[in-house]
1. Listing Leu118, Leu73 from the residue with the fewest other Cβ atoms within 10 Å to the one with the most, what is the order?
2. Return Thr220, Thr130 ranked ascending by Cβ neighbour count within 10 Å, so the fewest neighbours appear first.
3. Rounded, prolate or oblate: which fits the stretch 97-234, taking a ≥ b ≥ c as square roots of the Cα gyration tensor eigenvalues, rounded meaning a/c under 1.5, else prolate when a/b beats b/c?
4. Are there any trypsin sites (Lys or Arg not before Pro) in the stretch 147-249 that are in a DSSP loop and have at most 10 other Cβ atoms within 10 Å? List them by number.
5. Please give the FRET efficiency for Asp91 paired with Ala219, using the beta carbon to beta carbon distance and R0 = 45 Å, rounded to the nearest 0.05.
6. Taking amide hydrogens as modeled 1.01 Å from N in the peptide plane, which residues meet the under 5 Å criterion relative to Ile83, leaving out close sequence neighbours?
7. Classify the stretch 55-159: rounded, prolate or oblate, from the alpha-carbon gyration tensor (a ≥ b ≥ c, eigenvalue square roots; a/c under 1.5 rounded; otherwise prolate if a/b is larger than b/c)?
8. Relative to the present Cα-Cα distance, how much length would full extension add between Gln24 and Cys79 at 0.36 nm per residue of separation?
Amino acid sequence: MNETLVKFEGLPLESNYPEHVTAQLLRVLRCSPERWDELMRCTEKVQVINGCYRTLEERCKSLEGQCDLLMRLVRHVCCSANINFSQITVDEVSDDSQVALDQPVPGLGGDYVNNLPLPPGKKIRLQHVTRPGWTPSEIRVDMHLAGGANNYLDFSFQLYLGAGDNQLGKPIGPNYSGNAFLNKDGSQIRVPFPRYKNEPIDVGSLERLAVVITNRSAATNLDSVQVIIAYDNNRFYEMCRTSACKPGC
């Protein structure tokens, strides 16, 4: 091609090019229409790539924030000052499949007695000893009434979940009658543990599960009682066994 200068004042917008002008321009550029279309598609691809990059950048910033939050959580959990129980204590209770509510709470006054036997018209509160958190699944009760009586209907059982020894807390489940746990012949009935909003209830390591037993009979003493709360110790051990930072449970 001759190296001839072409004088022009300006070119119209691409969309307004006459076909012969476009063809002439392509010849000047020594480019085929197919290659020109490919070149134009590149600009579209650049726009798409830029959009993808902006989206990726936003997601990276969001992920960075989530990672920062997780790292703060890990540091909190792994800090020894925030651990409620050592792995030794966790392992000690991991083989148990039940928790006994067998610790009388004394000094409550009023109708409460400090220990068994429980006379008519009186109450007693029993709770478990301090331990790592757990998830109850079942209630089992055994009772021995004075004189061989078997009217378990005269005794009521109300569960409470509270923070520590001095807090009775909130009632859990219904106010059970003794015959919900025992048949007339004394055989045991296993009762599922109550749920909260249709979900299992977790008892925290700083909480106490307690039961208040009320004797509503006219003349029968409750000589002894055993309240056992069962739970899945296999799941407990799986969730609380030693981990990389040994956070306990």
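Nothing in this text is a laboratory measurement; each read-out follows from the coordinates by a stated rule. Since the structure is predicted, the reported quantities are computational estimates derived from the model, not experimental observations. All Cβ positions, glycine included, derive from the backbone under ideal geometry; neighbour counts span all protein chains shown.
1. Numbers: Leu118 25, Leu73 10.
In order of increasing Cβ crowding within 10 Å: Leu73, Leu118.
2. Numbers: Thr220 20, Thr130 15.
The order, fewest Cβ neighbours first, is Thr130, Thr220.
3. Values: a/c = 1.96, a/b = 1.34, b/c = 1.46.
It comes out oblate by the Cα gyration axes.
4. Details: sites: Lys184, Arg190, Arg195, Lys197, Arg208, Arg216, Arg235, Arg241; in loops: Lys184, Arg190, Arg195, Lys197, Arg216, Arg241.
For trypsin sites (Lys or Arg not before Pro) across the stretch 147-249 that sit outside H, G, I, E and B with at most 10 neighbouring Cβ atoms in 10 Å, the list reads Lys184, Lys197.
5. Working: r = 48 Å, r/R0 = 1.06.
Computed FRET efficiency for Asp91 and Ala219: 0.40.
6. none
7. Values: a/c = 3.25, a/b = 2.95, b/c = 1.10.
Because a/c hits 1.5 or more and a/b exceeds b/c, the stretch 55-159 counts as prolate.
8. On the way: separation 55, 0.36 × 55 = 19.80 nm, distance 7.51 nm.
Residue separation times 0.36 nm, minus the Cα-Cα distance, leaves 12.3 nm.
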